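Structure first, then comments.
The values are calculated or read from the model by the stated rules, or taken from the named source; none is laboratory data. This is a predicted model, so every value here is computed, not measured. Note that we place each Cβ from the backbone using ideal geometry, even for glycine, and neighbour counts take in every protein chain shown. Note: accessible area is taken over every heavy atom of the protein model, side chains too, but ligands, DNA and RNA are not part of it. Shrake-Rupley method; radii C 1.70, N 1.55, O 1.52, S 1.80 Å.
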Amino acid sequence: MVFAFPQFEHPLVLLLISPLILAGIFAIRRGVSKWIIFSRMIILSLLIIALASPYSLGISTVRDDAPRITVISDKTLSMDLFNMDMGKKLFDAIQPKTPTKFTEFAGVKSPIGDEVIGASENNNLVLVTDGNSNYGKDLFDAISFVSRAGTRVFAVQQKPLHNDASVEIASAKNIIIGNDNVFNIVVRQAGTDVSYRLDVEIDEKNVMSSSFIQKEREKVIPITATFTTLGSHRMKATITPGTEDRFNLNNVFYKSVFVVPKPKVLAVTQDTSSALYTITNSLYDATNVAALPSDLSTYKAVIIDNKGAGELPAEVLRNYVGNGGGLVVVGGDSSYDKGSYNNSPVESILPIISRAGEFKGGRNLVILIDSSGSTGIGSPSPISLIDANAISIIRSIGRDSRIGVVAFSGLTRETSILPVSSDANKAELENFILEIGPKGGDNPTDLDKGLLAAEELLNTVTGTKEIIIISDGLIHPDGFSQTKNTVNDLRNKDIKIQFIQILLPDMSRMPNDKYDMLAKLAGNDVILLFPDERATTIFESGPTTIPTSTATPEITNQYPLAAIDTNHFITKYINISSYVTGYNDVTPKLGSDQLVATTRGKPILTTWGFGLGRVVSFTTDNGGNENNCLGGTTGTCWAPAVYSGSNSQLISSMINWAIGDPRPKEGVVINAEDIWAGTAGRVIVTSDTLPQVKLDKAPLDLSRTGPTTYETTINLETGDFHDISGYGIAVNYPLEYREIGFNEKLVQVIESNGGSVYNEDDVQGLLFMDIKEKAVRTVNEPKSEKEPYLIAALVLFLTEVIIRRMKDYRKDRPVIEENQKKMAQVGE
């Protein structure tokens, strides 16, 4: 049993016990009765403790019948797409019911995060906004912060009354001469249907003119361009909408790029025929060495290929990266966990630990099975062909995966997502499948409800997410357009969908038209299975198996890759569709960024900053060469697919990120990103002497911020190109017009923090009831502990009095009896 000592409101009062003890000792020495002194000392000590106000913290539940609410209305320019009066109408509806405040903000900037934090003194915040914050505190961080402090955040999800489209060019600012550079044209819309013509110009020459019909909220259109001359170049993207477009301002985007010579990189490798070295040598001014030299100062990045820790001078690398150099360490059979990196000096520079870590994330699979009446037709056993294939997948999938099952017909029924490492979980999933179907009678196939149920299950887990649909392909025509929208939405959320059609006896050997249309919308083809086939041959447990060559029928594991962070410079707008057949088993360090991993959760690409430099750990090999990838015996051949086709962009992107600014640090070096109208931009100049820098021929006032660095800010309002002493920059439309429409991520963030999001039709009826229901909180309140001490002191005092009275009575009893006898004699 654990005893919890109380806390005291006035702890200094306890110091009175010390003189009390001294007084008691003095009284005992003066001959006063010990037991009386001890009793009085204890009684007075108890009273002193009570006087110090002891208390303990207790948990109590508080219900607020009149919760305080603040309605925050966003009236910035981008909200012109919605009903601008929604916030005030909601305030007018809630105010008579409970204490309510109303606040609004307007202009060309959306500081929604600042508004949330500023209004968090109230217990409940209701946001009427599109959720596109572009100034001040990050909105999603602000919601998480105030939620932890006890404030609940709610929001209204409005449908846009008008549509609008915006265009942007996403790419690096400083690019390398002679290389194929990918520029991503990003077109966003507020609604779900826009048509437009896209024109792209480079140095006033048209390089693209195409028409598009866009259904998704955001579409990325990549174009490739190669520059053969150094210096500034100008790009311009223009969209000409053929449907409603509320704002014209965001239909044109300017991009200024600065072309520089090929940067010097050092490749430390003995395999100059590898795919890694081939790419490096073609894109950069590469120098090849077998061993790391002591002087690395002339190189923008060092690429180390499959070297053991004992071959790498850690102090040389530490000084190089710490002073701003880039480092890329590529794995293999002599590197990382296979090269004695663990606890070595080299490992302290890297963003990983060279040993396996606890598995997190991984493959999450929902099997969506058609339990409508038609699926039992022609089945050779009581278990339908569809159910048999679902059970086959459960029994054969890797033990580090998690599976859920959703059955759909007119209604949906589902399990939880369970790890299949447990035989009990497998049995539970199989029993569910056996119990649910197929059901006879007229049960229409409502695939849309099944997909939405599968999405809800996948929202409860992290890692790669997949849905496998097993059906006879007979899709009910009602609601088919909605099903197409759902499939498209799931694909945009990086949820892979695979369609399997069981060919019943009376069917042709062709997929159903509507079923095939949905599969193609998901980016796949329908997989046709005959009655004697099982899906095990398609969805293997863990990694699949492929032959290494036609001449060598050996079996090699294949591990598909997935991007973990799609917002990083390296992985943004790169569609990774490759796999590896081997990797180094490592664990990301705290503070690192894990960007790419296998679908089983094993890190492949991890980064971090070290000092002033950048470090990349690429924990698979160099892609091999013709000798070791086609049956030879030298080296490994784990990742040839990563180095081929569009996947090779990942290799150039990670090296470019490690390099940073590819320009040599000589003379005057100017850094200035393109800016948005109305938003200040920074100009950073590196020079050994005081530089003279001009903006459009007008001198700039620079402030010295370091031994060789100077800075200033510029704020330009007109969208066009400008010149900073030969370094071009572009000014575009205000940032307010880039992200348009309702931000779907706001729903996820609010709900994950205990709030709710309502559509505009239901908000007035449901919001106040939900706020009142949730206006219950537990608080730690102090509970006085004086009573036990006062009661103890009183009981002890009364006990002492009773004992003294009894002693006095016993002492006086003989005298009383003698007096009584004398009185009796006198009476006689």
Hits in segment 178-210 (condition: in contact (Cβ under 8 Å) with a residue 60 or more places away in the chain, open to solvent by 40 Å² or more (accessible area, probe 1.4 Å) and touching a strand residue (DSSP E or B) at 6+ places or on another chain (Cβ under 7 Å)): 178, 182
Residues (of a type in the set (Ser, Thr, Tyr) and under 35 Å from the mean Cα position of the chain (by Cα)) located in segment 256-273: 256
Checklist (1) exposed (fewer than 14 other Cβ atoms within 10 Å of the Cβ); (2) under 35 Å from the mean Cα position of the chain (by Cα); (3) in contact (Cβ under 8 Å) with a residue 40 or more places away in the chain applied to residue 718, failing item: (2)
Exclusive hit being open to solvent by 60 Å² or more (accessible area, probe 1.4 Å), more than 30 Å from residue 215 (Cα to Cα) and not in a helix (DSSP H, G or I), set 781, 787: 781
Subset tally (residues that are of a type outside the set (D, E, K, R), in a strand (DSSP E or B) and within 24 Å of residue 662 (Cβ to Cβ)) for segment 221-234: 8
Qualifying positions in segment 271-289 - surrounded by fewer than 21 Cβ atoms within 10 Å (Cβ to Cβ), touching a Lys or Arg at 6+ places or on another chain (Cβ under 9 Å) and either touching a residue at least 40 places away in the same chain (Cβ under 8 Å) or in a loop (DSSP other than H, G, I, E, B) (or both): 283
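For segment 63-80, check the following and say yes or no: at least one residue is among the aliphatic types (A, V, I, L, M), modelled with pLDDT under 90 and open to solvent by 40 Å² or more (accessible area, probe 1.4 Å). Lay out the reasoning, then the answer.
Start the filter on segment 63-80 by keeping residues that are among the aliphatic types (A, V, I, L, M), which leaves 66, 69, 71-72, 77, 79.
Those still in the list that are modelled with pLDDT under 90 too: 66, 69.
So of that shortlist, the ones also open to solvent by 40 Å² or more (accessible area, probe 1.4 Å) come out as 66.
For segment 63-80, residues among the aliphatic types (A, V, I, L, M), modelled with pLDDT under 90 and open to solvent by 40 Å² or more (accessible area, probe 1.4 Å): present.
From the list 308, 331, pick out the single residue that is surrounded by 18 or more Cβ atoms within 10 Å (Cβ to Cβ), out of contact with any Cys (no Cβ under 7 Å at 6 or more places or on another chain) and closer than 17 Å to residue 619 by Cβ. Spell out the reasoning first.
Numbers: 308 fails: surrounded by 18 or more Cβ atoms within 10 Å (Cβ to Cβ).
It is 331.
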Meets criteria (surrounded by 16 or more Cβ atoms within 10 Å (Cβ to Cβ) and out of contact with any Leu (no Cβ under 8 Å at 6 or more places or on another chain)) for residue 321: no
Index of the failed condition, residue 105 passing every other in (1) within 22 Å of residue 770 (Cα to Cα); (2) without any contact (Cβ under 8 Å) to a residue 40 or more places away in the chain; (3) not in a loop (DSSP other than H, G, I, E, B): (1)
Flag for residue 168 being open to solvent by 10 Å² or more (accessible area, probe 1.4 Å), acidic (Asp, Glu) and within 22 Å of residue 742 (Cβ to Cβ): yes
Flag if residue 298 is among the β-branched types (Val, Ile, Thr), at pLDDT below 95 and crowded, with 19+ Cβ neighbours inside 10 Å: no
Segment 362-394 - residue that is under 30 Å from residue 563 (Cβ atoms) and at pLDDT below 75 and, of those, least open to solvent (accessible area, probe 1.4 Å): 362
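Please note which strands (runs of 3 or more DSSP E) are completely contained in segment 601-707 and include at least 1 residues that are charged (D, E, K, R) and open to solvent by 50 Å² or more (accessible area, probe 1.4 Å). Explain how you work it out, then say what you get.
On the way: elements: 603-610, 613-618, 669-671, 681-686.
Passing ranges, in order: 613-618, 681-686.
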Residues (at pLDDT below 95 and within 21 Å of residue 575 (Cα to Cα)) located in segment 188-213: none
In segment 235-268, the residues that are within 19 Å of residue 729 (Cα to Cα), in contact with a Ser or Thr (Cβ under 9 Å, 6 or more places away or on another chain) and assigned to a strand (DSSP E or B): 235, 252, 253, 255, 256, 257, 258, 259
Subset of segment 582-624 [more than 21 Å from residue 559 (Cβ to Cβ) and modelled with pLDDT under 90]: 590, 591
Tabulated pairs, segment 676-703, first at positive phi, second surrounded by 17 or more Cβ atoms within 10 Å (Cβ to Cβ), C-beta under 8 angstrom, 6+ apart or interchain: 678/108; 678/109; 678/734; 678/735; 696/722
Conditions (1) buried (at least 16 other Cβ atoms within 10 Å of the Cβ); (2) closer than 14 Å to residue 168 by Cβ: number failed by residue 220: (1)
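Tell me yes or no: at least one residue of segment 126-141 is in a strand (DSSP E or B), within 26 Å of residue 678 (Cα to Cα) and either in contact with a helix residue (DSSP H, G or I) (Cβ under 8 Å, 6 or more places away or on another chain) or open to solvent by less than 50 Å² (accessible area, probe 1.4 Å) (or both).
The first filter runs over segment 126-141 and keeps only residues in a strand (DSSP E or B), leaving 126-128.
If we keep only those that are within 26 Å of residue 678 (Cα to Cα) too, we end up with 127-128.
Within this subset, residues satisfying the condition of being either in contact with a helix residue (DSSP H, G or I) (Cβ under 8 Å, 6 or more places away or on another chain) or open to solvent by less than 50 Å² (accessible area, probe 1.4 Å) (or both) are 127-128.
Yes - at least one qualifying residue is present in segment 126-141.
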Conditions (1) of a type outside the set (S, T, N, Q); (2) within 19 Å of residue 171 (Cβ to Cβ); (3) within 34 Å of the chain's Cα centre (by Cα); (4) open to solvent by less than 20 Å² (accessible area, probe 1.4 Å); number of the one not met by residue 227: (3)
Residue match in segment 55-76 (condition: over 30 Å from residue 10 (Cβ atoms) and part of a helix (DSSP H, G or I)): no
From the options 523, 473, residue that is assigned to a loop (DSSP other than H, G, I, E, B), modelled with pLDDT of 70 or more, closer than 18 Å to residue 216 by Cβ and not hydrophobic (A, V, I, L, M, F, W, C): 523
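Every residue in segment 18-52 that is open to solvent by less than 40 Å² (accessible area, probe 1.4 Å) and under 19 Å from residue 793 (Cα atoms), please. Talk me through it step by step, then tell me what you get.
Taking segment 18-52 and keeping what is open to solvent by less than 40 Å² (accessible area, probe 1.4 Å), we get 20, 24, 27, 37, 39, 41, 43, 45-46, 48-50, 52.
Within segment 18-52, 20, 24, 37, 39, 41, 43, 45, 46, 48, 49, 50, 52 meet the criteria.
Condition test on residue 56, is it at pLDDT below 85 and surrounded by fewer than 20 Cβ atoms within 10 Å (Cβ to Cβ)? Before the answer, list the steps.
On the way: at pLDDT below 85: yes; surrounded by fewer than 20 Cβ atoms within 10 Å (Cβ to Cβ): yes.
When the stated conditions are applied, residue 56 passes them.
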Any hit, segment 460-470, residues being surrounded by fewer than 23 Cβ atoms within 10 Å (Cβ to Cβ), touching a Gly at 6+ places or on another chain (Cβ under 6 Å) and on the phi < 0 side of the Ramachandran plot: yes
